[in-house]
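Worksheet for the structure shown next.
Values quoted throughout were computed directly from the atomic coordinates according to the rules given, and no laboratory measurement underlies them. This structure is a prediction, so every number in the text was calculated from the model and none was measured. With ideal geometry, Cβ positions are generated from the backbone for all residues, glycine too; neighbour counts draw on all protein chains shown.
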Amino acid sequence: MRFYLRIVVTVTIIGMTALIGLEIMLRIFDPWGALAYVQDMKNAYAQLIPDEQLGYVQVDGHRRTPDSAQSSNCTIAIVGDSVTWGVGVSDNETYTNLLALMFPGVQFINAGVVGYNTAQIVTVIQTISADAYLYLMIGNDADNPPDVLAPYKNQTAVEIYYHQFARMQRQGDPTRTFPAWFTGAIQLLNTYDNVTTVFYGSVENPVYQYAAAHLDRIAAMPLWTHNNSVADPHPSAPGHAEIAASLEPVVATLITEFCGAAPPSEVWDE
């Protein structure tokens with residue numbers, strides 16, 4: 001009996017030592033960037049406050065677009081979720097700000113908010129005054145919003161890496177059905193002739209396929225190739241540069257169509 005007890009105790013000690021060692025290693029090296037990702041999300045969530053209509057909003061209204069024209073005869077509102085808001089990048093690195101550099105005569109509003117879905121984004125469009133709107137859609141915009149106002153759960157590094165690995169293994173369900181709030185939001189979105197939706201991801205994604213079947217003004221773009229990290233799928237600064245470059249002709253069309261003669265573009269001048 002004592003022999004088996006010693007084995008159990010030894011195995012337990014070895015296991016706990018291994019877990020402690022793994023925890024320390026992950027804390028020090030963060031090889032997938034999962035800990036940095038969680039911290040970035042905590043920082044983003046900390047800038048949200050409750051709102052009766054939308055559930056939550058950005059505490060300062062909108063994220064800063066430092067290189068945007070402060071006033072203009074042409075205003076373009078960029079709407080979306082955490083990709084548009086710019087998790088993991090600075091104000092001047094967001095694709096909205098990069099578009100502002102391309103079109104110096106245009107006022108750009110970064111109206112992206114972390115965790116927003118299509119229904120919330122349509123409500124944002126209804127509350128912001130702009131000449132035209134560009135909605136960057138991704139595959140999780142048909143999901144219920146996260147509980148961003150709840151205290152962020154403290155987790156060990158091992159737990160964080162486990163959850164991130166599990167998330168990366170999940171695949172989209174090609175047979176999924178969509179909630180009524182999503183289908184209704186898509187129908188409402190299609191009533192705005194000055195809103196262009198650009199979906200980033202596979203055209204096989206069921207979210208894109210549903211939206212494309214019901215929206216007149218929608219385009220599809222390949223997913224950006226530069227992420228913040230292995231664990232964080234948000235675009236890094238080079239990823240935002242990719243997005244801005246792909247959206248330049250879309251924005252140029254919006255300016256021409258809804259603001260009359262397009263203002264000078266740094267891209268066009270090259």
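In the chain, the longest principal axis of the Cα atoms and the axis of helix 34-45 are about 50 degrees apart.
Using a 10 angstrom cutoff on alpha carbons, build the Gaussian network for the chain and name the most mobile of Asp143, Asp40, Asp51. Per the Cα network of the chain with a 10 Å cutoff, Asp51 tops the list.
Residue exposure proxy: Ser246, Ser71, Ser82, ordered by other Cβ atoms within 10 angstrom of their Cβ from fewest to most, comes out as Ser71, Ser246, Ser82. Each other residue within a Cβ distance under 10 Å of Pro235 adds +1 if Lys or Arg and -1 if Asp or Glu, for a net charge of -3.
For helix 237-258, what angle does its Cα long axis make with the longest principal axis of the chain, in degrees from 0 to 90 and rounded to 10? Once rounded, the angle reads 20 degrees.
When the Cα positions of Ile13, Val89, Asn140 are compared along the charge dipole of the chain, Ile13 comes out farthest toward the positive end, with charges on each C-beta of Lys, Arg, Asp and Glu. Working from Cα pairs under 8 Å separated by at least six residues, relative contact order for the chain is 22 percent. Taking amide H positions as modeled 1.01 Å from N, with prolines and chain starts lacking one, the residues under 5 Å from Met137 and 5 or more places away or on another chain are Val198, Phe199, Tyr200. Of all DSSP-defined beta bridges confined to the chain, some 25% are antiparallel rather than parallel.
In a simple Cβ point-charge model (Lys, Arg +1; Asp, Glu -1; nothing else charged), the chain has a dipole of about 1300 debye relative to its Cα centre. Axis angle, to the nearest 10 degrees, between helix 2-29 and the longest C-alpha principal axis of the chain: 30 degrees.
When peptides 176-184, 195-203 are ranked by their average number of other Cβ atoms within 10 Å per residue, the highest-first order is 195-203, 176-184. Put the Cα centre of the stretch 210-246 next to the Cα centre of the stretch 1-51 and the gap is 32 Å.
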